[in-house]
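Visitor: Following this message is one structure expressed as C-alpha cells.
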C-alpha cells in the first residue's frame, strides 16, 4: 500500500497516510498528536485544517464548520479529507492553541 507523506507545519511532524485513509485517522493510528482529534465523523470541527500544498479528495464537509468557499481553498476537516499526493497542512480547529503550546514547550 503506497502512502503519501503528510507534513503538519504547526508541529513539524510528518507521517504516512494511505489514499484510503483520512488524514486524521492515519495520524491517530500512528500515535501522533499534531491535529486535534474530536468526533472523527465531521460533526465537531475540532480537526479543521488548511491544506496549503498537495491534492486531496474529500467526503461531505459539515457546512456548520467548513463553508463551500473554504473547502474550495483547501480548508477542510481532517477526518473528511483523503490525500491524493503528499500533503502539507496547518491546523485551524478549535484546539489549535493546545497544539501550538505543546510544540512550544516540547510536549509533542
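Visitor: Could you state the principal axis extents of the C-alpha atoms in the range 3-104, from the largest down, to the nearest angstrom?
Guide: For the range 3-104, the Cα spread along each principal axis is 32, 28, 22 Å.
Visitor: Same structure, new question: Roughly speaking, what is the stretch gain from residue 57 to residue 18, that is 0.36 nm per residue apart minus the C-alpha to C-alpha distance, in nm to one decimal?
Guide: 12.8 nm is the gain from fully extending residue 57 to residue 18.
Visitor: Give me the percent relative contact order of the chain, please, defined on Cα pairs under 8 angstrom at least 6 residues apart. Spell out each step's value before the answer.
Guide: On the way: 223 pairs, mean separation 38.0, N = 108.
Relative contact order comes out at 35 percent.
Visitor: For the chain, what is the mean residue ellipticity at 222 nm derived from helices alone (per DSSP H run of n ≥ 4: -39500 (n - 2.57); sum divided by total residues; nearest 500 deg cm²/dmol)?
Guide: -5000 deg cm²/dmol
We did not get these values from a lab; they are worked out from the coordinates using the rules stated. All values reported here derive from a predicted model rather than from experimental measurement.
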